[in-house]
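Asks: Provided herewith is a single structure, encoded as C-alpha cells, for subsequent inquiry.
The values are calculated or read from the model by the stated rules, or taken from the named source; none is laboratory data. Quick caveat, the model's predicted, so the values are computed rather than measured. Neighbour counts run over all protein chains shown; Cβ positions are idealised from the backbone, glycine included.
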Amino acid sequence: MDTYELITRNAEEVVTDEEVRELADDPAGKRVYVGYEPSGVLHLGHLLTANKLIDLQEAGMEVVVLLADVHAYLNGKGTFEEIRDTAERMKAQFVAYGLDESNTEFVYGSEFQLDEEYTLDLHELELATTLNRAQRAMAEIAGGETAKVSHVVYPLMQTLDIEYLDLDLAVGGLDQRKVHMLAREELPELGYDVRPALHTPIVADLESGEGKMSSSEGVTISMEDSTEDVAEKVNSAFCPPTRDPEGDLENPVLELFEYHVFPRFDEIIVERPEKYGGDLTYEEYEALAADLESGELHPADAKGTLASYLDELIAPGREKLRELRS
Ligand code: NAL
C-alpha cells in the first residue's frame with residue numbers, strides 16, 4: 001500500500017486532499033495528533049482513531065496524544081483530580097492496545113494551556129470569534145447543551161492547541177470537523193498556519209444500525225467487556241445481509257470488520273465445520289462483505305468471527321485495567 005493510501009484508508013474525510021498528499025510525499029517526522037477527553041475506559045470510538053494513529057506511525061509519522069484534561073473539565077466531566085486519574089488509565093490502555101510507546105508523545109493539556117502566552121492568544125481568539133460560531137463548533141462534541149461559557153472556550157482552545165503542539169495533521173472523529181473548520185478560519189487571524197485534518201467515520205449503533213454509536217448512548221464495546229460480553233453484544237447486533245440497508249441504517253457488523261478488524265490483522269479466518277463448507281479466509285474487507293451479501297457467509301458465522309477478533313484486540317487493555325484496579 002502506498003503512503004497516501006495508508007494515511008487516508010478508512011478516513012471519512014480529509015481536509016484538504018491536496019494538503020494531505022503533500023504530507024504523504026514526505027511523512028518522516030511529521031507530527032500528527034489526536035486529542036481525547038480522558039475517560040477511564042476505552043471504547044470502540046477511541047479505538048477507531050487509535051487505529052488511524054497506528055497507520056500513521058507505520059507511515060513514519062510522530063504521534064502526539066493529547067490527554068485533554070482541561071477540555072474535559074470545561075465539558076463538565078468532573079473535578080481535575082478525577083480527570084487526571086482517568087487520564088493515566090486511558091494512557092495505559094492505549095499502549096496496551098498497540099500504540100508504539102517509543103514513538104508516541106502523551107501530553108496533558110494542562111502542561112501548556114495555563115501558560116501566559118497561551119492565555120493571551122486564547123483571549124485574542126475569543127475577541128475574533130462570534131458566540132454563535134463557537135457554539136456551532138461545539139454542538140456535536142457537547143451533545144446538545146452548550147449554554148455555559150466553558151462550552152465556547154473549549155473549541156477555541158482546541159484550535160489553539162493545533163498551533164501550540166506544533167502539529168502537521170489533526171486527526172479526529174467526524175464529530176470534530178466543525179472545530180477543525182473553525183481552526184482553519186481562525187488560526188491565520190492570529191498569524192498561524194492552517195493545518196490539514198483527517199476525520200474518521202462514526203460507527204453506527206451496534207444494536208439498531210442507526211445514528212452514531214458513542215459511550216453515552218447506545219451499545220458499544222469497551223475494554224471493560226469480558227469475552228462473554230463481547231460475544232453477546234456482537235451476537236445481538238443488527239446485521240442485514242447487505243452493506244447498505246435501506247434508509248439511514250448501516251450494517252454495524254460490517255463496519256466493525258472494516259474499521260476495526262481488517263486494519264489490524266493480515267487475514268481473517270471464519271471457522272466453519274466441513275459440512276457447512278469449511279473455513280473461509282479473507283485478506284480484504286470487500287471480499288468478506290461480498291460473501292455476506294451473496295449468502296456464502298452466514299451472518300451468524302460473521303458475528304462469531306467478529307466477536308473473537310474484537311476480543312483479541314481488547315484483551316491486552318482489559319488485562320491492563322484489571323492490573324490497575326487490583
Ligand atoms: C481533542 C479534544 C480536546 C482538545 C483537543 C485539542 C487539540 C487537539 C484535539 C483535541 C477532545 C475532543 C473530543 N474534542 O470531543 O473528545
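Asks: Any residue at all in the range 167-181 that is of a type in the set (Lys, Arg), away from the ligand (no atom under 12 Å from the Cβ) and assigned by the TED database to the domain that holds LEU48?
Replies: no
Asks: I would also like to ask the following. I want to confirm something. Restricting to the range 76-95 and keeping residues that are at pLDDT 95 or above and touching a His at 6+ places or on another chain (Cβ under 9 Å), which single residue is farthest from the ligand (Cβ to nearest atom)?
Replies: Within the range 76-95, the match that is farthest from the ligand (Cβ to nearest atom) is GLN93.
Asks: When you scan the range 312-326, how many residues do you find that are under 11 Å from ALA92 (Cα atoms) and touching a residue at least 24 places away in the same chain (Cβ under 8 Å)?
Replies: Result for the range 312-326: 7.
Asks: Something else now. Could you go through the range 216-239 and let me know if any residue there is of a type in the set (A, V, I, L, M) and closer than 26 Å to VAL64 by Cα.
Replies: There is at least one residue in the range 216-239 that is of a type in the set (A, V, I, L, M) and closer than 26 Å to VAL64 by Cα.
Asks: Something else: Which of (1) farther than 20 Å from GLN158 by Cα; (2) in contact with an Asp or Glu (Cβ under 7 Å, 6 or more places away or on another chain); (3) surrounded by fewer than 19 Cβ atoms within 10 Å (Cβ to Cβ) is the odd one out, the single condition ARG21 does not satisfy?
Replies: (2)
Asks: Still on this structure, please answer the following. May I ask you to list the residues in the range 260-300 that are under 28 Å from ILE202 (Cα atoms), acidic (Asp, Glu) and part of a helix (DSSP H, G or I)?
Replies: Residues satisfying the conditions are GLU286, ASP291, GLU293.
Asks: If you don't mind, another one. I need the full set of residues from the range 98-124 which are assigned to a helix (DSSP H, G or I) and polar (S, T, N, Q), in order please.
Replies: Residues satisfying the conditions are SER102, ASN103, SER110, THR119.
Asks: Another question about this same structure. If I go through the range 166-204 residue by residue, how many of them are farther than 21 Å from ALA11 by Cα and surrounded by fewer than 20 Cβ atoms within 10 Å (Cβ to Cβ)? Explain how you work it out, then say what you get.
Replies: Our first condition is that a residue be farther than 21 Å from ALA11 by Cα; within the range 166-204, this holds for 166, 185-193.
Add one more test, that the residue is surrounded by fewer than 20 Cβ atoms within 10 Å (Cβ to Cβ), and what stays is 166, 185, 187-193.
The qualifying residues number 9.
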